[in-house]
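Have a look at the structure below, then the notes.
All of the numbers you see were taken from the coordinates with simple rules; none came from a lab. Predicted model only: the values in this text are computed from it and were never measured. Cβ placement follows ideal geometry from the backbone for every residue including glycine, while neighbour counts extend to all protein chains displayed.
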Amino acid sequence: MKGRTRSKFWRVKCACGNEQNIFAAASTAVNCLVCSAPLTTARGGTAVLAEKATLVKTLE
């Protein structure tokens, strides 16, 4: 029997306009690949979005 995964990914948009997929439970800070601005900070179990990042979609 196949179980459903509980892992989630987020599509996050940076202030520069770049969109990228990140793991919702990232254990390290994630930066934008284009402008190197911080998108998330690590907070134990889940990542927290930075000020200039916006959540576009939750992917499963």
Problem set entry | Matching residues in segment 26-45 - criterion: being surrounded by 15 or more Cβ atoms within 10 Å (Cβ to Cβ) and of a type in the set (Ser, Thr, Tyr) | THR40
For this session: May I ask you to say which residue of VAL48, VAL12 is in contact (Cβ under 8 Å) with a residue 12 or more places away in the chain and of a type in the set (A, V, I, L, M)?
Result: VAL12
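Identify, from the list THR58, THR28, the residue that is touching a strand residue (DSSP E or B) at 6+ places or on another chain (Cβ under 9 Å) and assigned to a loop (DSSP other than H, G, I, E, B). Give the steps one after another, and end with the answer.
Values: THR58 fails: assigned to a loop (DSSP other than H, G, I, E, B).
The match here is THR28.
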Problem set entry | Residue that is surrounded by the fewest Cβ atoms within 10 Å (Cβ to Cβ) [pool: residues in segment 11-25 that are part of a loop (DSSP other than H, G, I, E, B) and among the hydrophobic types (A, V, I, L, M, F, W, C)] | CYS16
